[in-house]
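The values are calculated or read from the model by the stated rules, or taken from the named source; none is laboratory data. Treat the numbers as computed from the prediction; the structure is a model and nothing was measured. Counting neighbours? That spans all protein chains shown, and the Cβs are built from the backbone with ideal geometry, glycine included.
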Amino acid sequence: MSIGSNSVESHPLSSRYIERAQRKGGTWIVVDPRYTRSAAQADLYACIRPGTDIAFFGGMMNYILSNNLWQDEYVKNYTNAPCLINPDFKFDPESGHFTGYNPTPTSMTTRPGPIRPPLTASGIRRAR
């Protein structure tokens, strides 16, 4: 699966591996708002609207978990998912918040001043 990547044009040599896998029976899925050369060569092209990739990922995860299509042993032993999946984790559909949501800004959002000097109209950064 390629998401937001046009590997046929940006990485023509590595895309040969994808073509080889397709010839051996593999399925290539391309997810991108643009119809590219990669999308043209894919077995399945999912055209999503710009900015909806997080919803797309959420839908994929929901489908995988709802249909028990994940490899339980691998996920529990070789990923950080056991640390992330907590039985106390809840979602409130009325507020749209997850448990652990903190409405108070953290230090990342209250840092004084810009992280980088702002861009000028010409696109050149100026130090203050």
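Quick rundown of the values:
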{"item": "Residues of the range 1-44 classified as under 21 Å from Phe57 (Cβ atoms) and not β-branched (Val, Ile, Thr), total", "result": "16"}
{"item": "Number of the condition not met by Val8 [criteria: (1) aliphatic (A, V, I, L, M); (2) assigned to a helix (DSSP H, G or I); (3) under 30 Å from Phe91 (Cβ atoms)]", "result": "(3)"}
{"item": "Residue that is modelled with pLDDT of 75 or more, surrounded by fewer than 10 Cβ atoms within 10 Å (Cβ to Cβ) and within 30 Å of Leu13 (Cα to Cα), where the choices are Pro93, Pro33, Pro50", "result": "Pro50"}
{"item": "Number of the exception - Ile18 against (1) modelled with pLDDT of 90 or more; (2) assigned to a loop (DSSP other than H, G, I, E, B)", "result": "(2)"}
{"item": "Filter pass, Asp72 being under 21 Å from the mean Cα position of the chain (by Cα) and at pLDDT 80 or above", "result": "no"}
